[in-house]
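Student: One structure, as structure tokens, below. Some questions next.
The values are calculated or read from the model by the stated rules, or taken from the named source; none is laboratory data. Fair warning: this is a prediction, and the values are worked out from it, not measured in the lab. Here the Cβ is made from the backbone with ideal geometry for all residues, glycine too, and neighbour counts use every protein chain on show. We work out accessible area using only protein heavy atoms, side chains counted, and drop any ligands, DNA or RNA first. Shrake-Rupley method; radii C 1.70, N 1.55, O 1.52, S 1.80 Å.
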Amino acid sequence: MQYLFSVIHDDSGLATPDEDAAIDVFNARIQAEGHWVFAAGLASPSTATVIDNRGEEAMFTDGPFLESKEYLVGFWIIEAPDLDVALKLAAEGSKACNRKVEVRPIL
């Protein structure tokens, strides 16, 4: 089963060198253990564009979908045999990146 780990942050700063190093170690380990599918960091919410094409004409809005104190700064997609393993890995990922991590199964 695959899971999405959404990394949530409440500060505009980027990862520190120590956090980057810990993330690299975590990434290498989950790759070696066969859990890695894909991961990426995201640019600041201020760089976002929201597109709503539900009407007659597409509307483009600069900036994030929601103004919020917390925002998505990155994600992992991992493979795990069950939710317990996914939650354990998410806890380790949260520790490595020093940020909150939300876990959701991918349907």
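Student: Can you give me the number of residues within the stretch 4-22 that are exposed (fewer than 13 other Cβ atoms within 10 Å of the Cβ) and assigned to a helix (DSSP H, G or I)?
Tutor: So the answer is 3.
Student: Here is a list: A91, A80. Which entry is within 12 Å of Y3 (Cβ to Cβ) and touching a strand residue (DSSP E or B) at 6+ places or on another chain (Cβ under 9 Å)?
Tutor: Exactly one of A91, A80 is within 12 Å of Y3 (Cβ to Cβ) and touching a strand residue (DSSP E or B) at 6+ places or on another chain (Cβ under 9 Å), namely A80.
Student: Can you pull out every residue in the stretch 23-49 that is open to solvent by less than 40 Å² (accessible area, probe 1.4 Å) and in a helix (DSSP H, G or I)?
Tutor: Scanning the stretch 23-49 gives I23, F26, N27, I30, P45.
Student: Oh, and also: Could you say which residue among A80, A86 is surrounded by 14 or more Cβ atoms within 10 Å (Cβ to Cβ), out of contact with any helix residue (DSSP H, G or I) (no Cβ under 6 Å at 6 or more places or on another chain) and touching a residue at least 12 places away in the same chain (Cβ under 8 Å)?
Tutor: So the residue among A80, A86 that is surrounded by 14 or more Cβ atoms within 10 Å (Cβ to Cβ), out of contact with any helix residue (DSSP H, G or I) (no Cβ under 6 Å at 6 or more places or on another chain) and touching a residue at least 12 places away in the same chain (Cβ under 8 Å) is A86.
Student: For the stretch 59-77, what are the residues that are open to solvent by 100 Å² or more (accessible area, probe 1.4 Å) and not in a loop (DSSP other than H, G, I, E, B)?
Tutor: Listed by number, the residues that qualify are M59, F60, D62.
Student: Could you please let me know if E56 is in a strand (DSSP E or B) and at pLDDT 95 or above?
Tutor: It is false that E56 is in a strand (DSSP E or B) and at pLDDT 95 or above.
Student: Let me spell it out: the conditions are (1) farther than 20 Å from D24 by Cβ; (2) over 13 Å from the mean Cα position of the chain (by Cα), and Y71 meets all of them except one. Which number is the exception?
Tutor: The single condition Y71 does not satisfy is (2).
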